[in-house]
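We did not get these values from a lab; they are worked out from the coordinates using the rules stated. Everything numeric in this text was worked out from a predicted model, so none of it was measured. Here Cβ is always computed from backbone atoms with ideal geometry, including for glycine, and neighbour counts include all displayed protein chains.
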Amino acid sequence: MTAADIQATILAVWRIEQPRLITSLSRMLRDVPLAEDLTQEALVAALEHWPADGVPEKPGAWLMAVAKRRALDHLRRARMLVERHGILAHDLAREQDTMPDLDSALDDDIGDELLRLIFTACHPLLSREARAALALRMICGLTTEEIARAFLQAEATIAQRIVRAKRTLSDSGLVYETPRGEELSERLASVLEVVYLIFNEGYTAARGDEWLRPQLCNEALRIGRVLTSIAPSEPEAHGLLALMEFNASRLAARTDAAGEPILLMNQNRAQWDHLQIRRGRLALARARELGGAGGFYALQAAIAACHAEADTSDATDWSRIAAFYGDLAALLDSPVIELNRAVAIGMAEGPQAALAIVDGLADEPALRSYHLLPSVRGDLLHKLSRFAEAHAAFEAAAALAGNARERGFLKRRAAAAARAAQNHGGR
C-alpha cells in the first residue's frame with residue numbers, strides 16, 4: 001500500500017469513526033469541545049504511525065484507544081483524577097494497562113449518544129447558525145470549507161462561528177444530555193436542521209471522490225426516527241423523517257455500478273425502496289394530522305412524495321411540485337428554493353419560462369459559488385438548442401463543483417453540449 005493509499009484510508013476511516021470518538025469522549029469528559037480536540041489528536045497520531053506501522057486490523061478501535069489515552073493524559077495534567085474523575089480515571093487506567101479486545105472500546109449506543117451530542121451543540125446559548133455549523137463540524141467531520149458551501153457563506157464567517165461556539169460551550173459548563181420538556185422544544189428546531197444537513201451531506205456529498213455517503217444518511221434516518229419517538233407531537237419531526245425516508249428510497253438508483261451520478265429523470269424506479277416510500281407516506285400523513293402540512297420539512301416531503309407516486313418520470317406532476325415550491329418560497333425567502341422552483345416550472349411549462357427565473361437569480365450573492373445555478377442554466381439552454389451557451393454554463397458549473405463525481409458528470413455534459421454545437425454550426 002502506497003503512502004497516498006494509506007493517507008486516503010486514514011481519512012476514510014476518520015470520516016466514519018469521528019462521531020463515535022467524539023460522542024464517547026464527550027460522555028466521559030462532559031466537555032464537547034475538549035472531546036473534539038482529543039479526537040483530532042488521535043487523527044494526528046494515525047497520520048504519524050500508520051504510514052510506518054501499517055493500517056491496524058481494527059482501525060476504529062485503534063483510534064478509540066488512542067483518544068481515550070489522550071483523555072486520561074489530560075485528566076492527569078489537569079489534576080482532576082481524584083476530585084471529579086477518580087472512578088473514570090481508574091477505569092481508563094485499567095483499560096490502558098490490560099488493553100482488552102479493542103472492539104469493547106467502541107460505543108455500541110451511538111444512536112442515542114449522537115443525538116445527545118447534537119442536542120448539546122444546539123444549546124440556546126449559541127446562535128442558530130453556530131449550532132448547525134458546530135454540529136456539522138464535529139458530527140459529520142466536515143471541513144470549514146465544506147460547511148461554508150452548505151450554508152452558501154464565506155469560509156471565514158463559518159470559522160469564526162465555530163470558534164465562538166466552542167468557546168461558549170467550554171466556558172459555560174453546559175451539561176452533555178438530552179433535554180426534556182420545554183428545554184427539548186427550545187432546541188428541537190435547531191436539532192432538526194442539523195439532522196437535515198447531515199442527511200443532505202450524505203445524499204449529495206459536497207466534497208470528496210464519492211457522490212454519496214450512505215452512512216451519514218443512515219445515521220440521520222436513525223436519529224430522525226428517535227426524534228419522532230421523543231417528540232411525537234412535533235409535526236416537523238415527522239415531516240423531516242418523511243422527507244428523509246422518501247429521498248433515501250432512491251439511494252440505490254442514484255449511481256451506476258461505477259459510482260457515477262444518475263439524475264432523477266433517468267433512474268430505474270424499480271430500484272427504489274418501496275418499504276421506505278411507505279414509511280415516508282406514513283410519516284407525512286402523521287405530520288399533516290398534527291397540523292404541519294405547511295411546515296418546511298413537510299412541504300419538501302410532499303415534493304418527494306410526488307416523485308415517489310409517479311411510476312415513470314413522464315408521469316410526474318410537475319405543476320403540483322412547482323406549487324409546493326411556491327409555498328416553500330412564501331415560507332422562506334431562499335434563492336435555492338427559487339432555483340428549484342424554476343426547475344419544476346421548466347418541466348411543467350417549458351425551458352424558456354424557467355430560464356427567465358434562473359437568469360433573474362444570476363446576481364444573487366448567495367449563489368455566486370453555487371455550482372447548481374450554472375448547471376440548471378446549462379440544462380435549460382441545452383433543451384433550447386443553445387448548445388454553445390450550454391457548454392459554457394456546464395464548464396462554469398464543473399469549475400465550481402467540489403465533488404469529484406459531480407464535477408466529472410458536469411464535464412461530460414459540457415463535452416456533449418460542445419459536440420452538439422459543432423453539429424449545429426457552432427450554435
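Under 29 Å Cα to Cα from residue 68, which lysines show up? Leave out anything in the same chain fewer than 8 places away.
Filter leaves 58, 166.
Taking Cα atoms, how many degrees apart are the long axis of helix 351-360 and the longest axis of the chain, rounded to 10 and kept between 0 and 90?
50 degrees
Would you mind checking which residues have amide H under 5 Å from residue 255's amide H? H placed 1.01 Å from N; only 5 or more apart, or other chain.
262
In debye, nearest 20, what is the charge dipole magnitude of the chain about its Cα centre with +1 on Lys and Arg Cβ and -1 on Asp and Glu Cβ, if you could check? Each step should come with its number before you reach the end.
Values: 49 positive and 57 negative charges, 103 e Å.
About 500 debye.
Could you state the principal axis extents of the C-alpha atoms in the stretch 350-427, from the largest down, to the nearest angstrom?
That gives 36, 31, 17 Å along the principal axes, largest extent first.
I need 37, 256 ordered by Cβ neighbour count within 10 Å, fewest first. Spell out each step's value before the answer.
Working: 37 16, 256 11.
Going from sparsest to densest Cβ surroundings: 256, 37.
Measure nothing fancy, just the Cα-based angle from helix 387-400's long axis to the longest principal axis of the chain, in degrees from 0 to 90, nearest 10.
10 degrees
Direction-averaged shadow area of the convex hull around the Cα atoms of the stretch 264-366, nm²?
On the way: hull surface 28.7 nm².
For the stretch 264-366, averaging the hull's shadow over all directions gives 7.2 nm².
Kindly write out, for the stretch 9-19 in residue order, the coupling ³J(HN,Hα) from the Karplus curve 6.51 cos²θ - 1.76 cosθ + 1.60 (θ = phi - 60°), rounded to whole Hz, with x marking Gly and Pro.
5, 4, 5, 5, 4, 4, 4, 7, 8, 3, x
Can you give me the long-range amide H partners of residue 212? Hydrogens built in the peptide plane at 1.01 Å from N, cutoff under 5 Å, separation of 5 or more residues or another chain.
Counting only residues 5 or more places away or on other chains, the set is 205.
Below 8 Å, C-alpha to C-alpha, sequence gap of six or more: please give me the relative contact order for the chain in percent. Before the final figure, lay out the partial values.
Numbers: 586 pairs, mean separation 45.4, N = 427.
Relative CO of the chain lands at 11 percent.
About its Cα centre, how strong a charge dipole does the stretch 369-427 have in debye, to the nearest 20, once Lys and Arg get +1 and Asp and Glu get -1 at the Cβ?
Details: 10 positive and 4 negative charges, 31 e Å.
The calculated dipole for the stretch 369-427 is roughly 140 debye.
When the chain is treated as a GNM, springs tying every alpha-carbon pair under 10 Å, which of 191, 44, 343 comes out with the largest mean-square fluctuation?
Looking only at 191, 44, 343, the biggest GNM fluctuation is shown by 44.
Picking from 417, 323, 398, which is most flexible by a Gaussian network model of the chain using Cα springs under 10 Å?
323
Give me the lysines in straight-line cross-link reach of residue 383: C-alpha distance below 30 Å, same-chain residues under 8 apart excluded.
Hits, sequence-local ones excluded: 411.
Please report 36, 236 as a ranked list, fewest other C-beta atoms within 10 angstrom at the top and most at the bottom. Before the final figure, lay out each step's value.
Values: 36 24, 236 21.
So the residues, fewest neighbours to most, are 236, 36.
Report the equivalent ellipsoid semi-axes for the stretch 149-269 in whole Å, largest first, defined as the square roots of five times the eigenvalues of the gyration tensor built from alpha carbon atoms. Intermediate results must be reported in sequence, preceding the final value.
On the way: eigenvalues 180, 90, 23 Å².
The answer is 30, 21, 11 Å, longest axis first.
Sort 379, 5, 73 so that the residue with the fewest other Cβ atoms within 10 Å of its own Cβ comes first and the one with the most comes last. Each step should come with its number before you reach the end.
Values: 379 23, 5 11, 73 14.
Exposure proxy ranking, most exposed first: 5, 73, 379.
So what's the back-of-envelope 222 nm ellipticity for the chain, counting only DSSP H runs of four-plus at -39500 (n - 2.57) apiece and dividing by all residues, rounded to 500? Write down the numbers at each step before the final one.
Details: 19 runs with 296 residues, N = 427.
Result for the chain, helices only: -23000 deg cm²/dmol.
For the chain, what are the per-bin percents of Cα-Cα distances with bins 10 Å wide, up to the bin holding the maximum?
Percent of Cα pairs in each bin: 4, 19, 29, 25, 15, 6, 2, 0, 0.
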